[in-house]
Amino acid sequence: MNTAVVVEAPGTHRVVPHEPRDPGPGEALVAVHAVGICGSDREVYQGNRPEGYVRYPLTPGHEWSGTVWSVGAGVPDSLVGRKVVGEGFRNCQVCDRCHAGETTLCTAGYEETGFTQPGAMAGTLTLPARLLHVLPDDADLTAAALLEPAACIAAAALKGNAKPGERVAVVGTGTLGMFAVQFLKAVSPSELLVVGTRNDREALSRQFGATDFRTKDQELPCDFDVVIETAGSASAARTAASLLRRGGRLVLTGIPAPGAEGLDPTGLVVRQLEVHTVFGAPPDAWAHTVRVFGAGLLDPLPLVTHELPLTEFSRAIELVGAGDPKVGKVLLRP
């Protein structure tokens, strides 16, 4: 029997029977293979996600992979049976930001799979087919379940616009940081530094292409061309900015706690730093991610440490928040 996780309210959830919803016009029904858990899912469960960015009761799950079971009117039948991943932002497609391809800035308001719309912690997921990205037939669906966070970092890599031979760095060694290393490695930098807080991440960083690894309490250089920050703290943002040469390019992807002290605007101005931020992934970043994954340049599997059945949602949430260095990416299998 299909089941689904439903978070009724902060701190309260049930595993309930799940009935697939037939796809309407323009929609597809996907059989979920695996769904990842990240910090934002924990925020949903704990009730500390910002107002307007969650709607209870809710089936979470925005990081997922699966196979198309059926499609609605207006969707090509050739999509049935294909392995897919899908964008989360339910953009309107008609506002000026959507027309510019900046769908994560849709002016119609925030709607996202797993936060305000039913997510993938269920046997199936029905969503607009236009949000799907088709994977190669031989794609590993367990690895593909991590392509949503990878797409967010792809957006950062595209904004950073690192060129071959440039010196690049990543601040943060979690899932996002390790994806940033892989994307930056793919552009053939002359040097790729990873800065983190845990020495045990050095081996994995170097496996993915880092040429140097340091912790924040070590002496750090200050002449990099591009730095991507993934740690989600104000101190990490300041560390990232300090690594840059004058005129360097900084991309921030983490979201610090409210009230955190930010970057010094004087330093940004006098050093003429180019600063970008990322919240979610627009279609071009998703397409880039799927291409890089299909080409074998992105390897998510080493980041997965736990695969649990959907019924162990509570344990999965605990693992994600435990701070155990042995816990990497946690996947649920419907």
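The values are calculated or read from the model by the stated rules, or taken from the named source; none is laboratory data. It should be emphasised that the depicted structure is a prediction, and the values quoted were computed from it without experimental measurement. As a convention, Cβ positions derive from the backbone with ideal geometry for all residues, glycine included, and neighbour counts pool all protein chains shown. Accessible surface areas use protein heavy atoms only, side chains included; no ligands, DNA or RNA. Shrake-Rupley method; radii C 1.70, N 1.55, O 1.52, S 1.80 Å.
Each of C222 and A203 was given a label point 7 Å from its Cα along the Cα-to-Cβ line. The distance between the two points is 3.5 nm. Averaging the sequence gap over all C-alpha pairs within less than 8 Å and six or more residues apart, then dividing by the number of residues, gives region 166-215 a relative contact order of 41 percent. For region 43-181, what class follows from the C-alpha gyration tensor (a ≥ b ≥ c being the square roots of its eigenvalues): rounded when a/c is under 1.5, otherwise prolate if a/b is larger than b/c, else oblate? Cα axes put region 43-181 in the rounded bin. Rounded to the nearest whole Hz, the Karplus-based 3J(HN,Hα) values (6.51 cos²θ - 1.76 cosθ + 1.60, θ = phi - 60°) of region 48-61 follow the sequence 10, 6, x, 4, x, 10, 7, 9, 9, x, 8, 8, x, x, with x at glycine and proline.
Hey, what's the chain come to in accessible area per residue, 1.4 Å probe, Å²?
Details: 14350 Å² over 334 residues.
Accessible area per residue: 43 Å².
Each residue of region 8-25 was assigned a 3J(HN,Hα) from its phi angle through the Karplus expression (A = 6.51, B = -1.76, C = 1.60, θ = phi - 60°), giving 5, 6, x, x, 10, 9, 9, 9, 10, x, 10, 10, x, 9, 4, x, x, x Hz with x at Gly and Pro.
Looking at region 236-320, which GluC sites (Glu not before Pro) are in a loop (DSSP not H, G, I, E or B) and have at most 11 other Cβ atoms within 10 Å?
Those satisfying the criteria are E261.
Taking percent of Cα pairs over 39 Å apart as calculated from this structure, the corresponding entry among [x] 21; [y] 24; [z] 12 is [z].
Arranged from highest to lowest average of other beta-carbon atoms within 10 Å per residue, in what order do the peptides 194-201, 155-162, 70-77 appear?
Ranking, from highest mean packing down: 155-162, 194-201, 70-77.
Which residues does a label at E191 reach in region 158-176, if reach means a backbone N under 14 Å from a point 7 Å past the Cα toward the Cβ? Within reach of a label on E191, which here means backbone N under 14 Å from a point 7 Å along Cα→Cβ, region 158-176 contributes 165-170. Sequence-ordered 3J(HN,Hα) estimates for region 258-269 from the Karplus curve with 6.51, -1.76 and 1.60 and θ = phi - 60° stand at x, x, 5, 6, x, 6, 6, x, 4, x, 5, 6 Hz, glycine and proline given as x. The calculated FRET efficiency for the pair E307 and R271, based on their C-beta separation and a Förster distance of 45 Å, comes to about 0.50. Take the Cα of Q46, step 7 Å toward its Cβ, do the same at A100, and the gap between the two points is 3.4 nm.
With contacts taken as Cα pairs under 8 Å at a separation of at least 6 residues, the chain carries a relative contact order of 19 percent.
Nearest 5 is fine: what % of DSSP beta bridges in the chain come out antiparallel, could you say?
Numbers: 30 of 58 bridges.
Bridges in the chain are about 50 percent antiparallel.
Which GluC sites (Glu not before Pro) does region 1-96 hold that lie in a coil by DSSP with at most 15 other beta carbons within 10 Å?
Values: sites: E8, E27, E43, E51, E63, E87; in loops: E51, E87.
When the GluC sites (Glu not before Pro) of region 1-96 are filtered for loop state and at most 15 Cβ neighbours within 10 Å, E51 remain.
For the ranges 31-42, 205-216, what's the packing order if you count other beta-carbon atoms within 10 Å of each residue, average per peptide, and put the highest first?
On the way: 31-42: 21.9, 205-216: 17.6.
Peptide ranking by packing, descending: 31-42, 205-216.
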